[in-house]
Amino acid sequence: MNRHTPNDTGSELATSLASIVGPAGVTTAPEDLEPHVQDWRGRFKGRAACLVRPASTAEVAAVIGHLAARGVPVVPQGGNTSLCGGATPDESGQAVVLSLSRMNRIRSVDAFDNLITVESGCILERVQEAAQEVGRLFPLSLAAEGTCQIGGNISTNAGGTAVLRYGMTRDLVLGLEVVLPSGEVLSGPRGLRKDNTGYDLKQLFIGAEGTLGVITAATLKLFPRPREVITAMAAVADLAAAVKLLRHLQEDAGDNVITFELISDVALDLVLQLLPGHAPPFPRTPPFSVLLEVASFWRGFSAADAVQDSLARASEAGLCDDAVVARDDAQAQALWRIREDVPEAERRSGTAIKHDVSVRPGLIPTFVDATRRAVEAVLPGAGIILFGHLGDGSLHLNVVPPGLGKARVAPEIHARVWRAVHDVVTAHEGSISAEHGIGQLKRDELWHYRAALDRRLMRAIKDSFDPRGLMNPGKVV
Ligand SMILES: Cc1cc2nc3c(=O)[nH]c(=O)nc-3n(C[C@H](O)[C@H](O)[C@H](O)COP(=O)(O)OP(=O)(O)OC[C@H]3O[C@@H](n4cnc5c(N)ncnc54)[C@H](O)[C@@H]3O)c2cc1C
């Protein structure tokens with residue numbers, strides 16, 4: 001890496017950047033910088049020369065070109081909800097944080113061809129609303145959707161609760177507009193479902209976490225809205241039953257099964273005990289609960305009847321012990337709030353060593369058993385909280401050290417538990433980063449587990465786009 005040492009001080013840089021984005025688009029005030037130099041969990045904190053907020057692709061290109069000429073590193077930032085320190089600058093204070101928040105226009109919506117083109121600073125919820133306004137669905141959905149931006153979603157290849165039916169963010173992107181580290185603008189967004197004209201360059205930027213360029217706009221797929229969505233929660237005895245229940249529902253309803261989320265007993269109890277306003281879904285907390293959604297897209301087909309019937313037969317087959325089918329929106333939302341409140345309840349309960357991992361759903365029972373044994377060997381008496389998107393094989397698997405309560409986990413314990421869990425993930429041909437990305441948090445883990453050839457190719461890609469290492473340094477590669 002041959003990054004130049006910047007000569008400009010923060011205020012000199014800000015003055016020169018103001019000539020591109022206007023005085024309102026750049027700041028060095030500590031109180032303005034504060035929320036932009038730390039991550040969502042407050043786990044990573046850095047410093048920045050200044051914060052710049054361009055309002056157009058031309059301004060992004062001019063800013064990047066200006067900074068590149070001076071050898072100044074850039075940290076692209078969306079809603080800053082990354083849980084891996086991906087959008088947080090390092091402690092040198094040399095980098096400029098480039099926020100996309102002013103680039104928040106919906107450029108066009110095409111309900112006929114099921115397309116939407118948006119600027120990358122659009123909040124995810126706004127993209128969903130724009131689709132809804134024309135009777136369409138943009139299916140990406142996650143708990144941070146009121147804050148995260150579509151550019152951040154694309155840069156992290158976000159997952160969420162509807163991957164089972166609609167895939168990851170990568171599956172929803174038809175075209176990208178990107179400002180490269182040189183300041184050049186790559187292609188315009190295109191709405192083609194088929195395009196085999198050589199390398200599909202846009203794919204490189206999806207999940208690149210801002211290390212190859214700044215995404216300024218995207219053309220995304222829209223879908224028909226379901227006529228009916230039925231939400232239910234089922235109580236299951238173990239993980240094997242949970243996975244069989246998923247396949248049973250899919251036998252009945254095919255890819256109309258939109259969501260299949262897991263909540264372990266400890267996770268459910270934490271929500272019920274620590275957060276107000278929740279009613280227990282079952283008389284007794286089961287070992288595992290699954291929150292599921294089945295949609296109907298056809299006139300005359302009742303998803304409600306299908307779910308009732310399918311769950312009744314699942315119960316006869318011993319796949320679920322109890323089930324609540326939401327009667328109305330309010331009850332459906334109450335079930336969803338239980339799932340969405342798990343991270344907050346867990347945060348309030350104290351320290352946990354968190355893992356965001358995935359394996360094939362069929363391997364989840366043996367994977368979790370093997371993980372319990374591996375964790376017990378490293379940290380006897382530790383508990384495991386499980387929740388997440390079981391339908392697509394991704395789990396939040398959080399290890400609670402015995403008796404630690406609110407205390408910090410010593411870094412060496414954290415590292416040993418991580419390595420133990422990630423070794424088991426790897427032995428099950430899984431991923432150590434299912435959906436939250438690498439950022440700063442998992443960079444060393446990534447380089448430990450990826451094959452030497454993968455690492456060489458990733459390095460070569462990074463060097464060919466960003467030979468001076470100015471684009472989001474210290475993340476991923
Ligand atoms: C409560 C909560 C729930 C969550 N649930 C989920 C979930 O279910 N599934 C899931 O996948 N994630 C989840 N996340 C993680 C997070 O919301 C996602 O990773 C999201 O996609 C990040 O979007 P953002 O706009 O906040 O990106 P940021 O945090 O701002 O940035 C993330 C990365 O993308 C880069 N970046 C941002 N914008 C651009 C751009 N325009 N061009 C180039 N690079 C850019 C940044 O440099 C950084 O590396 C959750 C987070 C929270 C706090």
Spatially proximal aspartates and glutamates relative to Lys194 (Cα-Cα < 14 Å; intrachain offsets below 8 disregarded): Asp113, Asp171
Among beta bridges that DSSP assigns inside the stretch 35-118, antiparallel share in %, nearest 5: 40 percent
Ratio of the Cα radius of gyration of the stretch 205-362 to 2.2 N^0.38 Å, where N counts its residues: 1.18
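In Å², what does the accessible area per residue of the stretch 173-245 work out to with a 1.4 Å probe?
Accessible area per residue, the stretch 173-245: 42 Å².
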Area of Asp322 that stays accessible when all protein chains are in place (1.4 Å probe, Å², to 10): 60 Å²
Sequence-distant residues sharing a close amide H with Ile384 (under 5 Å, placed H): Val400
Virtual paramagnetic centre 7 Å along Cα→Cβ of Ser19, amide N under 13 Å, in the stretch 64-108: 66-67
Over the chain: helical MRE at 222 nm, DSSP H runs n ≥ 4 each giving -39500 (n - 2.57), nearest 500: -10500 deg cm²/dmol
For the stretch 87-163 versus the stretch 417-477, the gap between their alpha-carbon centres in whole angstrom: 24 Å
Surface per residue (accessible, 1.4 Å probe) for the stretch 1-100, Å²: 41 Å²
Distance (nanometres) between label positions extended 7 Å along Cα→Cβ at Leu275 and Ala452: 4.7 nm
Cα convex hull of the stretch 342-433, projected area averaged across orientations, nm²: 5.4 nm²
Shape metrics for the stretch 280-367, restricted to C-alpha atoms - Rg then Dmax, Å: 16.0, 49
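Determine the gain in length on full extension of the stretch Arg70-Glu445; use 0.36 nm per residue of separation and subtract their C-alpha separation, reporting nm with one decimal.
Stretched fully, the Arg70-Glu445 segment lengthens by 131.8 nm.
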The stretch 63-184 pair-distance distribution - Cα-Cα, 5 Å bins, rounded %: 2, 11, 19, 22, 19, 12, 8, 5, 2, 0
Cα long-axis angle, helix 124-133 against the chain (0 to 90 degrees, to the nearest 10): 70 degrees
Relative contact order (%) - the chain, alpha-carbon pairs under 8 angstrom, separation at least six: 16 percent
Ordering of 255-262, 236-243 by burial proxy (mean other Cβ atoms within 10 Å per residue, highest first): 255-262, 236-243
Share of carbon and sulfur in the accessible heavy-atom surface of the stretch 148-227 [1.4 Å probe, %]: 50 percent
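Given charges of +1 on the Cβ of Lys and Arg and -1 on the Cβ of Asp and Glu, with all other atoms neutral, how large is the dipole of the chain about its Cα centre, in debye to the nearest 20?
960 debye
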Ranked packing of 163-176, 294-307, 450-463, most packed first, by mean Cβ within 10 Å: 163-176, 294-307, 450-463
Per residue Cα convex hull volume in Å³ - calculated over the stretch 105-262: 142 Å³
Derived scalar couplings ³J(HN,Hα) [the stretch 142-150; Karplus, 6.51 cos²θ - 1.76 cosθ + 1.60; whole Hz; x for Gly, Pro]: 8, 5, 8, 5, x, 10, 5, 10, 4
0 to 90° range, to nearest 10: angle between helix 239-253 axis and the chain longest Cα axis: 90 degrees
Solvent-accessible heavy-atom area per residue, rounded to whole Å², over the stretch 350-477 at 1.4 Å: 43 Å²
Two-decimal ratio, the stretch 398-458, of alpha-carbon radius of gyration to 2.2 N^0.38 Å: 1.28
Distance in nm between pseudo-label sites at Ala377 and Asp238 (7 Å out along the Cβ direction from Cα): 2.1 nm
Label-point gap, in nm, between Arg284 and Glu91 - each point 7 angstrom along Cα→Cβ: 5.2 nm
Surface share of carbon and sulfur [accessible, 1.4 angstrom probe, percent] for the stretch 1-99: 50 percent
Antiparallel DSSP beta bridges within the chain, percent to nearest 5: 85 percent
The stretch 1-93: translational diffusion in µm²/s, Stokes-Einstein, Kirkwood Rh over Cα pairs, 25 °C, 0.890 mPa s: 180 µm²/s
Using alpha-carbon coordinates, inclination of helix 57-70 to the longest axis of the chain, degrees: 60 degrees
Solution diffusion estimate, µm²/s, Stokes-Einstein, the stretch 112-178, Kirkwood Rh from C-alpha pairs, 37 °C, viscosity 0.692 mPa s: 273 µm²/s
The chain: proportion of alpha-carbon pairs further apart than 31 angstrom, %: 46 percent
For peptides 207-219, 118-130, sequence by mean Cβ density within 10 Å, most packed first: 207-219, 118-130
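The values are calculated or read from the model by the stated rules, or taken from the named source; none is laboratory data. Values in this document were obtained by computation on a predicted structure and should not be read as measured data. Using ideal geometry, Cβ is built from the backbone for each residue, glycine included, and neighbour counts are taken over all protein chains shown. What goes into the accessible areas is simple: the full protein's heavy atoms, side chains included, and nothing from ligands, DNA or RNA. Shrake-Rupley method; radii C 1.70, N 1.55, O 1.52, S 1.80 Å.
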